[in-house]
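Each reported figure results from applying straightforward, stated rules to the coordinates on display, with no laboratory input. Please read all numbers here as calculations on a predicted model, not as lab measurements. Every residue, glycine as well, gets a Cβ built from its backbone with ideal geometry; the counts of neighbours run over all protein chains shown.
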Amino acid sequence: MTLADDAWIAPAPGSPTRWELTHHILTVAYMRRGEDELGQRARPVLEQLRDETGESALLIVPDVRNFIVVDSTDSRQMLRTSVSIGLVVPANGSATGRCVVPYFEPERQAQLMGGRPDEALLEHFRLSCERGYSVSNEVVIEGVSHEGATTIAAPIFDAAGHPTGTVAITGPTDRLTPERQAEVGPMVAAAGRSLSRGRPRGTFF
């Protein structure tokens, strides 16, 4: 078993192959804050999104095989969904996966999803790309699905058009009704655009 097998390091872009630490080690060490430019820019956006929607707001970035919550700001409402920094978010079944995986190339999609997306997931991809955000009415923690919480996520892109993460809100499903989702979804999408440095290169599905 190597550090790469355990997802502590991953190949950096370019040639020859060099290795870099993944977000996994940063979150485990609780040292993310202030370490990356996106994280610094995202904090005020998360706070504004929380205030506009009334729900907890999250910054989520890709790891080797999953996604990791690297910043969060809790809703001020008494009944809220609270998410810890370092939480692993799976690509399968999550709003984050549905909104950002379509923009990864097929090889990266397979790495995150564990295989090719089925027709039901492809429909989620189409809807997400059309409206600029995705919705999931469950939260998966350590492989276990928990109902009662709804998450809405939108992709973030770098200057070259590569996906670098997502911005999301999460809250009780009873409050985030379909009607409310239609109201706040565009707010989440706008937050994703404000954090993006460029437009997506295209989709791969």
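Close amide H pairs (under 5 Å, H built 1.01 Å from N) link Val89 with Phe67, Ile68, Val69, residues at least 5 positions away or on another chain.
Over all pairs of different C-alpha atoms in the stretch 37-195, the reciprocal of the mean inverse distance, the Kirkwood hydrodynamic radius, equals 15.2 Å. Close amide H partners of Glu138, meaning residues 5 or more places away or on another chain with modelled amide H under 5 Å apart, are Thr151.
Mind sorting Leu87, Leu59 by how few other Cβ atoms lie within 10 Å of their own Cβ, fewest first? Each step should come with its number before you reach the end.
Values: Leu87 18, Leu59 26.
Exposure proxy ranking, most exposed first: Leu87, Leu59.
Applied to the stretch 162-170, the Karplus parametrisation 6.51 cos²θ - 1.76 cosθ + 1.60 on θ = phi - 60° returns per-residue 3J(HN,Hα) values of 7, x, 10, x, 9, 10, 8, 10, 9 Hz, with x for Gly and Pro. Note on Ile85/Asn137: beta-carbon distance plugged into 1/(1 + (r/R0)^6) with R0 of 22 Å gives a FRET efficiency of 0.40.
Once you sort the root eigenvalues of the Cα gyration tensor of the stretch 60-99 as a ≥ b ≥ c, which label holds: rounded (a/c under 1.5), prolate (a/b larger than b/c) or oblate (the other case)? Please report the intermediate quantities before stating the final value.
Values: a/c = 2.97, a/b = 1.84, b/c = 1.61.
Prolate is the answer for the stretch 60-99, as a/c is 1.5 or above and a/b outweighs b/c.
Of the GluC sites (Glu not before Pro) found in the stretch 81-155, the ones in coil according to DSSP and having at most 16 other Cβ atoms within 10 Å of their Cβ are Glu142.
Treating r as the C-beta distance of Glu119 and Thr173 and R0 as 22 Å, the FRET efficiency rounds to 0.30.
Between Ala159 and Gln48, the simple label model (points 7 Å from Cα in the Cβ direction) yields a spacing of 2.1 nm.
As a proxy for reagent exposure, Asp118, Asp63, Asp51 were ordered by neighbouring Cβ count within 10 angstrom, fewest first; the result is Asp118, Asp51, Asp63.
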